[in-house]
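Input: a single structure, listed below in structure tokens.
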Amino acid sequence: MTTSNHRFSDAERRGLYRAIHERRDVRSQFLPDRIPSDVLARLLEAAHHAPSVGFMQPWDFIVIESRSVRETVLAMFEQENQKAAERFEGERKEHYRSLKLQGIMESPLNLCITCDRSRGGPHVLGRNSIVDTDLFSTCLAVQNLWLAARVEGIGVGWVSILDQEQLSTALNLPEHVYPLAYLCLGYVSDFLDQPELEAKGWRSRLPLSELVHGDQWGQAFVSGL
Ligand SMILES: Cc1cc2c(cc1C)N(C[C@H](O)[C@H](O)[C@H](O)COP(=O)(O)O)c1[nH]c(=O)[nH]c(=O)c1N2
């Protein structure tokens, strides 16, 4: 086995944190420009280098350009979004209705990242006790792609206001394949400085200090944060 202990330069380190802090969920700022295939390949490579339980690599990437498939998914979104709005009352309901929560048609490319729950056979190392670790692994692939897209100037929007079974049918997925993330991708005019839901007063970022908890020994460390 070979190893490497190359350190990251200060600029590289800053670049990584910048990508993390400036990544955004994008719904509105998409430009129509096509994503070149070599750029898309880099994004998919980044996703494919995510960690996965037992090195299962349960993901597949369904690249969707077809307008008719996207129209079908948009119609499914509209239906689910109506139902979602009904869960709120009064002003909150109106506020919810005013939010734009997808960019399915405006983005030039849609991508469904799926999780093949049968990959690697019935016994995957690390997955015996917590079966959903294949889904967790696939989420990490999504995040890798999301960060890589940010440094390429490409916005990504995750659309989860969809019925999973309808989505599987629209994409002809077999039973054992779960449509984990339906994503809209495209170059953008700009990235917002803060989450759109925060900018629009829906919800704010919680203070980190309220979320970090120490055990008997960790308390002193936590209070220094
Ligand atoms: C699993 C999952 C599912 C969804 C999302 C995210 C994740 C992780 N987000 C995006 C979400 O609203 C967004 O990440 C937060 O508001 C924080 O904003 P930034 O991502 O930092 O811009 C999202 N956004 C949206 O407009 N429609 C949606 O259906 C969803 N669904």
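The values are calculated or read from the model by the stated rules, or taken from the named source; none is laboratory data. Small disclaimer: the values here were computed from a predicted structure and weren't measured. Quick reminder, even Gly has a Cβ in these numbers, built from the backbone with ideal geometry, and neighbours come from all protein chains shown. Side chains are part of the model used for accessible areas, which takes the heavy atoms of the whole protein and leaves out ligands, DNA and RNA. Shrake-Rupley method; radii C 1.70, N 1.55, O 1.52, S 1.80 Å.
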Phi to ³J(HN,Hα) by Karplus 6.51 cos²θ - 1.76 cosθ + 1.60 over segment 110-119, Hz, x for Gly, Pro:
10, 9, 9, 9, 10, 10, 8, 6, 9, 5
Along the Cα→Cβ direction, 7 angstrom out, place labels at SER37 and THR169. What is the inter-label distance in nm?
3.4 nm
Stick to Cα atoms and the Kirkwood definition of Rh, then tell me Rg/Rh for segment 20-127.
1.05
Here, chymotrypsin sites (Phe, Trp or Tyr not before Pro) of segment 130-225 satisfying both criteria (DSSP loop; at most 10 other Cβ within 10 Å) are TRP217
Rank ARG34, ARG87, ARG24 by mean-square fluctuation in a GNM of the chain with C-alpha springs under 10 angstrom and give only the top-ranked residue.
ARG87
I'd like the Kirkwood hydrodynamic radius of segment 29-75, using the inverse of the mean 1/r over distinct C-alpha pairs, in Å.
13.2 Å
If you count only protein heavy atoms with a 1.4 Å probe, what accessible area per residue comes out for the chain, rounded to a whole Å²?
62 Å²
Could you tell me the ratio Rg/Rh of segment 106-225? Both radii from Cα atoms, Rh via Kirkwood.
1.06
For the chain, what are Rg and Dmax over the alpha carbons, in angstrom?
19.6, 62
Gyration tensor (alpha-carbon) shape descriptor, segment 1-48, a/c threshold 1.5:
oblate
Rough spin-label spacing in nm, given labels placed 7 Å along Cα→Cβ, for ARG13 and TRP202
3.5 nm
Residues in segment 88-129, backbone N under 16 Å from the label point at SER189 (7 Å along the Cα-to-beta-carbon vector): list them, ranges by number please.
100, 103, 106-108
Using eta = 0.890 mPa s and T = 25 °C, Stokes-Einstein with Kirkwood Rh from Cα pairs puts D for segment 77-164, in µm² s⁻¹, at 153 µm²/s
Given an 8 Å cut-off on Cα distances and at least 6 residues of separation, report the relative contact order of the chain as a percent.
32 percent
List the GluC sites (Glu not before Pro) in segment 84-151 that DSSP assigns to loop (not H, G, I, E or B) and whose Cβ has at most 13 other Cβ atoms within 10 Å. Which are they?
GLU86, GLU89
What distance in nm separates the two pseudo spin-label positions at ALA75 and HIS176, each 7 Å out from Cα along the beta-carbon direction?
3.2 nm
Built amide H within the under 5 Å cut-off of ASP25, gap 5+
GLU196
Run through the DSSP bridge list for the chain and note the antiparallel percent, rounded to the nearest 5.
95 percent
Rounded to the nearest 500 deg cm²/dmol, what is the calculated helix-only ellipticity per residue at 222 nm for the chain, with -39500 (n - 2.57) per DSSP H run of length n ≥ 4?
-12000 deg cm²/dmol
Take the Cα atoms of segment 52-97, build their convex hull, and give its volume per residue in Å³.
129 Å³
Quick shape check on segment 138-186: root eigenvalues a ≥ b ≥ c of the Cα gyration tensor, a/c under 1.5 is rounded, otherwise prolate if a/b tops b/c, else oblate, and it reads prolate
Once neighbouring chains are kept in place and the probe is 1.4 Å, which whole percent of the accessible area of the chain is contributed by carbon and sulfur?
54 percent
Would you give the gap between the C-alpha center of segment 193-225 and the C-alpha center of segment 1-42, rounded to a whole Å?
24 Å
